[in-house]
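Written below as structure tokens is the structure these notes are about.
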Amino acid sequence: QVQLVESGGGLAQPGGSLKLPCGASGITFILYDMAWYRQAPGKERVLVARITNGGTLSYLDSVKGRFTISRDDAKNTVYLQMSSLKPEDTAVYYCNADWRRYGYWGQGTQVTVSS
């Protein structure tokens, strides 16, 4: 049974930081490209950051320089370090694992940026 479990969400002040871990089980983690998506109320889910199985990184333009995605293959975990948070970063953040025709999602974790 495949599971992706996100944590680390919560309330942060503008300019603050949060780190989201996503632990994976039931997959051969090193094969998978891992990504973080987010979905704000009334909006579509969008790709925030991706790290391939080879370590290639890509980011949504609006988070470049503020967010960092990383992975620890020994721990089957992908991280999203978020800094200089803005109210527009408020959303549910989802972890995604993708390899060939196999794709899996976590249940999401809420991030709210507000003073």
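The values are calculated or read from the model by the stated rules, or taken from the named source; none is laboratory data. Quick caveat, the model's predicted, so the values are computed rather than measured. Neighbour counts run over all protein chains shown; Cβ positions are idealised from the backbone, glycine included. With ligands, DNA and RNA removed, areas are computed over all heavy atoms of the protein, side chains included. Shrake-Rupley method; radii C 1.70, N 1.55, O 1.52, S 1.80 Å.
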- Task: Roll a 1.4 Å probe over the protein chains and send me the accessible area per residue for region 12-107 in Å².
- Result: 52 Å²
- Note on the structure: With a 1.4 angstrom probe the carbon and sulfur portion of accessible area for region 29-103, in percent, totals 49 percent
- Cα shape, the chain, gyration tensor, a/c 1.5 rule: prolate
- Item | Magnitude of the charge dipole, the chain, Cβ model with Lys/Arg +1 and Asp/Glu -1, debye to 20 | 60 debye
- J(HN,Hα) series, region 86-94, from Karplus relation 6.51 cos²θ - 1.76 cosθ + 1.60, nearest Hz, glycine and proline x: 10, x, 6, 7, 4, 4, 8, 9, 10
